[in-house]
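Since every read-out is calculated from the coordinates, none of them should be taken as a lab result. From a predicted model like this one, the values you see are computed outputs, not experimental measurements. Positions of Cβ are generated from backbone atoms using ideal geometry, with glycine treated the same way; all protein chains shown enter the neighbour counts.
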Amino acid sequence: MLDIRNVSKSYGNIQALKDVSFSVHASEFVCVVGPSGCGKTTLLKCMSGLLAPTTGRVSINGKPVSSPPPEMGMVFQDYRASLYPWSNVQDNVMLPLRHMKIPKSEREDRVTRALKDVRLEGFRRHYPWQLSGGMQQRVAIARALAYQPQILLMDEPFASVDAQTRAELEDLILEVKHKIGKTVLLVTHDIDESVYLSDRIVVLTRSPTLVREIISTNLPHPRHQITTKELPEFGHLRAHVYRLINETAHSLAA
Ligand code: ADP
């Protein structure tokens, strides 16, 4: 569905991405993991058409991406910057539907369904400041779901909440993905999160960035914060990804 082919990106004489290629298949959960500063945000911006790669190409369903494609929904790390503080929950979720040529009743149905998916039906008339950080990020997720994208792109979406909330949001996104069969690409620097959530992990090197390895996790579904993380395969995968990331750090230091 999403294809990233030989993408490089330079900012003046700083080469952030050197040569990145991988694909995301329909209904897959792919995590892109790499150390801070390795170009994850740059890559996401290239994938979503917000930034033009210096060389290479990004395509979705075979069509080149040159501006934000309607097939994509985005969820960012900073929910405070994503939500309008003067709009209540339902208006925030409705926002991207305003300009779609669909009947008002369908718009309302989509908002109701999305709020149900993130278990916020009872908070439609609350304002963002009346909600916890995790709840605000659920509003941002509902907004992306109501738009009904084919693929959800998430940039460190759980990095601004506490550990307990982070685990709850991870499980929520797995549940939603499973229920509506969405394709998800999530960028994170958290190795455990990448192993826990994904079907495949794309491990990046430090900048100038290459794909170090693509790993299939093959962990059973449904995943569980305790039992999945107790599995020997989970430990092996986690150690393997850690080694890959450390290896690139040491090869740079040498
Ligand atoms: P990450 O999201 O993995 O932390 P980024 O994509 O933000 O990485 O950055 C990758 C590299 O590109 C870093 O060295 C960063 O300093 C550089 N960079 C990012 N954005 C810009 C920009 N607009 N201008 C110049 N350099 C940039």
Mean-square fluctuation maximum in Gaussian network of the chain, Cα pairs under 10 Å, restricted to K182, K45, K104, hits K104
Whole number please: convex hull volume per residue, Cα atoms of the chain, in Å³. 131 Å³
Under-5 Å amide H pairs with Q15, H placed in peptide plane, nonlocal only: none
Loop-only check: which chymotrypsin sites (Phe, Trp or Tyr not before Pro) in the stretch 67-122 are DSSP coil with at most 13 other Cβ within 10 angstrom? W86
If one compares the long axis through the Cα atoms of helix 133-146 with the longest principal axis of the Cα atoms of the chain, the angle in degrees, nearest 10, works out at 80 degrees
Can you tell me the 0 to 90 degree angle between the C-alpha axis of helix 232-253 and the longest principal axis of the chain, rounded to 10? 60 degrees
Of K63/K101; K40/K179; K9/K40, those spanning more than 18 Å from alpha-carbon to alpha-carbon: K63/K101; K40/K179
Hey, what did the stretch 107-217 get for relative contact order, percent, Cα under 8 Å, at least 6 apart? 20 percent
Between A52 and Y127, what length comes free when the chain is fully extended (0.36 nm per residue of separation minus the Cα-Cα distance, one decimal in nm)? 23.4 nm
Could you tell me the largest-minus-smallest coordinate of the C-alpha atoms of the stretch 120-254 on each of the three principal axes, in descending order and whole angstroms? 56, 32, 29
With -39,500 (n - 2.57) per DSSP H segment of 4 or more residues and division by the full residue count of the chain, the 222 nm estimate, nearest 500 deg cm²/dmol, is -11500 deg cm²/dmol
